[in-house]
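Just so it is clear, none of the values below were taken in a lab; they were calculated from the coordinates. Being a predicted model, the structure only gives us computed values, none of them experimental. Backbone-built Cβ (ideal geometry, glycine too); neighbour counts: all protein chains shown.
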Amino acid sequence: MRVRFTSTAEAELKAAMEFYQSAQPGFGADFLAEVEATTNLIESFPLAWSLLSPRTRRCRTHRFPYGLFYQIRSDEILIVAVMDLRRDPKRWEEYL
């Protein structure tokens, strides 16, 4: 099953990468690698994380305080948010 990011999730990913890169050179690439590893986990084990709503699940990254919010569709896994979990934890509901 392929994984696809919504345009909103892509924008969040880009903003977070830019933030970490500006904080410390190379840190943006480290963040991207962590998101890729988390995406691979979701792709390999899509049902492993608990439901937050009837369609949405969250998988946390290990090294950064971020979560990937996703939905399992008939032909793909849709990442709907790449969210900093230190912010309002209910903000992801805006994307549904």
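How far, in nm, would the chain grow between Leu47 and Ser22 when pulled straight, counting 0.36 nm per residue and subtracting the alpha carbon separation?
Stretched out fully, the Leu47 to Ser22 stretch lengthens by 5.5 nm.
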Given the rule -39500 (n - 2.57) for each run of at least 4 DSSP H residues, summed and divided by the residues of the chain, what is its mean residue ellipticity at 222 nm, to the nearest 500 deg cm²/dmol?
-12500 deg cm²/dmol
So, over other residues within a Cβ distance under 11 Å of Trp49, counting Lys, Arg +1 and Asp, Glu -1, the net charge is +3
Tell me the angle of helix 27-44 to the major Cα principal axis of the chain, expressed in degrees between 0 and 90 and rounded to the nearest ten.
20
